[in-house]
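Everything below concerns the one structure shown next.
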Amino acid sequence: MEKLNKQLAIIKASNKPGFMMHTVAGYPDMKSSAEIASTILDAGADILEIQIPFSDPVADGPVIAAANEIALRGGATVEDCLDLIKDVTDSTDKPILIMTYFNIVHHYGVEKFTQKAREIDVQGLIVPDYPFDEDGGNGLIEHCHKNDLALIQVMASTTRPERRADIIEHASGLVYCMARTGTTGEKTVISSETKTYLESVKRVCPLPLAVGFGLSDREQVQALKPHADIMVVGSALIKEYADKPLDEGLQAVRNFMRNLTSKP
């Protein structure tokens, strides 16, 4: 987690929000997705989560779900995605996270997957459907710890206070707070309830807070800036390069990142 911890310290010292961006390995194809990942990092992302596509991405809205489907239809395998992620980690000092679903990790083998993640210099995993209550039978927390990987927990605004405490206890690296319930993609209105929820988590959580689900513009970033450390953007970013020729899509990514991260 050395790269991740270093980047989180840089974000904290800057007094500016950090940006954790999301992309899908193999979308629109493997070669293009590698170029897209590098462009996102070069354009200002602090952290990049690369999703290994899955056939039933239950936490993802239609944009990311469609990207998963297209990647799988194009033949993207777990090994292909891990090779791509290694190429990305080899070319950057910024932290790369793997986002996927537990079926992928379980089928690959929890111990083997976490060892491979360490070997390719991944800094952590986001597995939103992982039942950490059952870790004794699966061991993902233990193997992440052995391989110096953050296991980033996801928390909803509807999560009960006692459950929040359990999530924070099992989290490492940072805690990912959903700005609203449901799936990713639909634009989120930053309400007073959202801000109150984030502040209530912040009071009891020693780790940096990331907030995502439906973030797409600078106005939202400014509204959330006092209440969270890191902004997570996925669907809105993918929309920028979806269905475009690669060169045009890469330029759209650069423009989007510039508009998102610049001061108003």
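All of the numbers you see were taken from the coordinates with simple rules; none came from a lab. Every value quoted in this text rests on a predicted model; they were computed, and no experiment measured them. Every residue, glycine among them, receives a Cβ derived from its backbone with ideal geometry; neighbour counts consider all protein chains shown.
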Out of residues 5 or more away from Gly124 or on other chains, whose amide H comes under 5 Å of its own, with H placed 1.01 Å from N in the peptide plane? Ile98, Ala150
Positive end of the dipole of region 1-67, charges at C-beta (+1 Lys, Arg; -1 Asp, Glu), about the Cα centre: which of Ser38, Phe54, Tyr27 has its Cα farthest in that direction? Ser38
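Just want to confirm a number: the relative contact order over region 205-251, from Cα pairs under 8 angstrom separated by 6+ residues, in percent.
Numbers: 40 pairs, mean separation 17.6, N = 47.
Taking the mean separation of contacting Cα pairs over the length of region 205-251, I get 38 percent.
Quote the relative contact order of the chain in percent (integer), defining contacts as alpha-carbon pairs under 8 Å separated by 6+ residues.
On the way: 487 pairs, mean separation 56.9, N = 264.
Worked out over the chain, it gives 22 percent.
In debye to the nearest 20, how big a dipole does the chain give about its Cα centre with +1 on each Lys and Arg Cβ and -1 on each Asp and Glu Cβ?
Values: 27 positive and 37 negative charges, 213 e Å.
Dipole size: approximately 1020 debye.
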Assigning unit charges at the beta carbon (Lys, Arg +1; Asp, Glu -1) and nothing else, what dipole magnitude in debye, to the nearest 20, does region 7-116 show about its Cα centre? 280 debye
Residues meeting the amide H criterion for Val24 (H placed from the backbone, H to H distance under 5 Å, 5 or more places apart or on another chain) are Gln51
Here are some values of percent of Cα pairs over 22 Å apart: [x] 52; [y] 68; [z] 58. Which one was computed from this structure? [x]
Most positive-pole-ward Cα, Phe102, Val175, Leu250, against dipole of the chain from beta carbon charges: Val175
Quick one: 3J(HN,Hα) in Hz for region 90-104, Karplus 6.51/-1.76/1.60 with θ = phi - 60°, rounded, Gly and Pro as x. 5, 9, 9, 9, 7, x, 10, 10, 9, 10, 6, 10, 5, 4, 5
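Let me have the relative contact order for region 47-95, percent, based on Cα pairs under 8 Å that are six or more residues apart. Intermediate results must be reported in sequence, preceding the final value.
Numbers: 22 pairs, mean separation 22.5, N = 49.
Relative contact order of region 47-95: 46 percent.
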Under 5 Å from the placed amide H of Val232, counting only residues 5+ away or on other chains, we find Met20, Val211, Gly212
Can you work out ³J(HN,Hα) from phi for every residue in region 82-89, in order, using Karplus 6.51 cos²θ - 1.76 cosθ + 1.60 and θ = phi - 60°, giving whole Hz and x for Gly and Pro? 5, 4, 4, 4, 4, 4, 5, 5
Any lysines whose Cα falls less than 17 Å from that of Lys244, other than same-chain ones fewer than 8 residues away, would be Lys31
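Students often check this: by mean Cβ neighbours within 10 Å, which of 222-235, 190-203, 146-159, 101-114 ranks highest, and how do the rest follow? Intermediate results must be reported in sequence, preceding the final value.
Values: 222-235: 20.9, 190-203: 15.6, 146-159: 19.3, 101-114: 17.3.
Most protected by this proxy first, the peptides run 222-235, 146-159, 101-114, 190-203.
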Could you work out which residue, out of Ser55, Ser91, Ser172, moves most in a Gaussian network model of the chain, that is, has the largest mean-square fluctuation with Cα springs under 10 Å? Ser91
Run the reach check for Lys3 against lysines, Cα to Cα strictly under 16 Å, same-chain hits fewer than 8 apart removed. What comes back? Lys12, Lys86, Lys94
